[in-house]
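S.K.: Let me give you the structure first, and then I'll get to my questions.
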Amino acid sequence: MAEVTMNGVSHAVPAAAHAEGQQHPIKLYLVVWAWLFVLSACSYLVDYFGVHGYLRWSLILLFMILKAGLIVAVFMHMAWERLALSYAILLPPLVLLVFVGIMVLESDYTFLTRIVFFKSGA
């Protein structure tokens, strides 16, 4: 135990708290790297096998989001941050995705109403 003085008051602090940062086992980084490799290979296989349409884009986006999540969680150390900081970083992109989804639904509605009301030759 080490002694730390703050505002004239002495506090006992474990020696481990004085370390210059948190050390994670190298195995964790190697496992994440392997998962990133597997997800990239799966993304490549989507193109290799000629998947088309919504399935193709859904799979590519899924693999992309999984890879981004692994990178943010482990390499940017968000998995060990406080919950408030995680929310501050992760919540805005999720809200943007919801708004993009709403815009996609709205664009389909707008397109269909234009087809109905702006027919040529009417």
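The values are calculated or read from the model by the stated rules, or taken from the named source; none is laboratory data. A quick note: this is a predicted structure, and the numbers were derived from the prediction, not measured. These area figures cover heavy atoms from the full protein model, side chains too; ligands, DNA and RNA do not enter into them. Shrake-Rupley method; radii C 1.70, N 1.55, O 1.52, S 1.80 Å.
S.K.: Rounded if a/c is under 1.5, else prolate if a/b beats b/c, else oblate: with a ≥ b ≥ c from the C-alpha gyration tensor eigenvalues square-rooted, which is segment 24-80?
M.R.: Oblate shape, in that a/c is at least 1.5 and b/c is the bigger or equal ratio.
S.K.: Next up: Counting only heavy atoms of the protein chains, get the accessible area per residue of segment 82-121 (1.4 Å probe) and round it to a whole Å² value. Walk me through the numbers before you get to the answer.
M.R.: Numbers: 3830 Å² over 40 residues.
Averaged over the residues of segment 82-121, the accessible area is 96 Å².
S.K.: So, for segment 24-80, what is the accessible surface per residue at a probe of 1.4 Å, expressed in square angstrom?
M.R.: It amounts to 74 Å² per residue over segment 24-80.
S.K.: While we're on this one: Which shape class applies to segment 34-122: rounded if a/c is under 1.5, otherwise prolate when a/b exceeds b/c and oblate if not, where a ≥ b ≥ c are the square roots of the Cα gyration tensor eigenvalues? Each step should come with its number before you reach the end.
M.R.: Details: a/c = 7.15, a/b = 1.59, b/c = 4.49.
Oblate is the answer for segment 34-122, as a/c is 1.5 or above yet b/c matches or exceeds a/b.
S.K.: Next up: What ranking of Leu66, Leu55 comes out by heavy-atom accessible area, probe 1.4 Å, highest first?
M.R.: Output order, biggest surface exposure first: Leu55, Leu66.
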